[in-house]
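For reference, the structure discussed in these notes is given below.
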Amino acid sequence: MPEKLRNLISIESASNDGLGYPFLMLPILWMTYKPGKALSYWLTHTILWEVFGAVVLGAVIGYLAGYLLKIALSKKTIDESSYATYTVALALIVLASVKLVGADGILEVFAAGKTFSITSTVEERRDEDRIVEGIDLFFTIPIFTLLGLVVPWQEWMKFRGAGLLVAF
């Protein structure tokens with residue numbers, strides 16, 4: 001898949017999470033608080049902190065990680081084969097930071113990954129992409145196999161052929 005198309009799909013995916021999360025939280029807050037308090041909490045906490053705060057924090061962490069990696073590579077204090085390990089460590093650090101501050105993890109990790117990829121070279125990303133694709137295949141196939149084992153086939157069969165077609 002061309003890199004530009006892959007990046008567009010990735011941005012679209014993160015945008016769905018970023019746009020869907022606040023609209024999921026608003027009805028939940030309306031059921032929990034009085035309408036006025038729910039709306040102010042939604043605007044200040046959900047929108048400003050959990051969404052925008054996560055994007056800003058993730059972008060800062062990703063940029064700093066990329067900048068520090070460039071310095072380490074230029075001074076030869078890190079081996080180039082450690083790049084994949086470095087990105088996994090970055091993802092874990094971002095996930096830990098998001099838990100500590102209470103922001104949205106998906107958006108923060110996405111923002112960190114995107115700003116980190118801006119600071120890395122195409123060659124480094126190509127090697128990482130191969131590793132990610134391998135790991136993705138390694139985990140995706142067993143997960144979908146397990147999902148297929150627990151799908152309620154009997155319930156789908158009640159809808160006859162149309163239900164089975166939708167399930168497939």
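If the reach is capped at under 28 angstrom between alpha carbons, list the lysines near residue 99, excluding any in the same chain fewer than eight residues apart.
In chain and number order, the partners are 34, 37, 70, 114.
Quickly rank 66-79, 88-101 as a protection proxy: mean count of other C-beta atoms within 10 Å, highest first. The partial results should precede the final answer.
On the way: 66-79: 13.1, 88-101: 14.7.
Highest to lowest by the protection proxy: 88-101, 66-79.
In whole Hz, with x marking every Gly and Pro, tabulate ³J(HN,Hα) for the stretch 44-57 from phi via Karplus 6.51 cos²θ - 1.76 cosθ + 1.60, θ = phi - 60°.
With coefficients 6.51, -1.76 and 1.60, one gets 7, 7, 5, 6, 5, 8, 5, 9, 5, x, 5, 5, 5, 4 Hz.
In the stretch 3-123, if the dipole is taken from +1 on Lys/Arg beta carbons and -1 on Asp/Glu beta carbons about the Cα centre, which of 96, 15, 109 is farthest to the positive end?
Looking along the dipole axis, the top candidate is 96.
Looking at the stretch 1-50, which chymotrypsin sites (Phe, Trp or Tyr not before Pro) are in a loop (DSSP not H, G, I, E or B) and have at most 16 other Cβ atoms within 10 Å?
33
Relative to the Cα centre, what is the charge dipole magnitude of the stretch 1-101, using +1 at the beta carbon of each Lys and Arg, -1 at the beta carbon of each Asp and Glu, and rounding to the nearest 20 debye? Intermediate results must be reported in sequence, preceding the final value.
Details: 8 positive and 6 negative charges, 45 e Å.
So the magnitude is around 220 debye.
Every read-out reported here was derived from the displayed coordinates using simple, explicitly stated rules and does not represent laboratory data. Predicted model only: the values in this text are computed from it and were never measured. With ideal geometry, Cβ positions are generated from the backbone for all residues, glycine too; neighbour counts draw on all protein chains shown.
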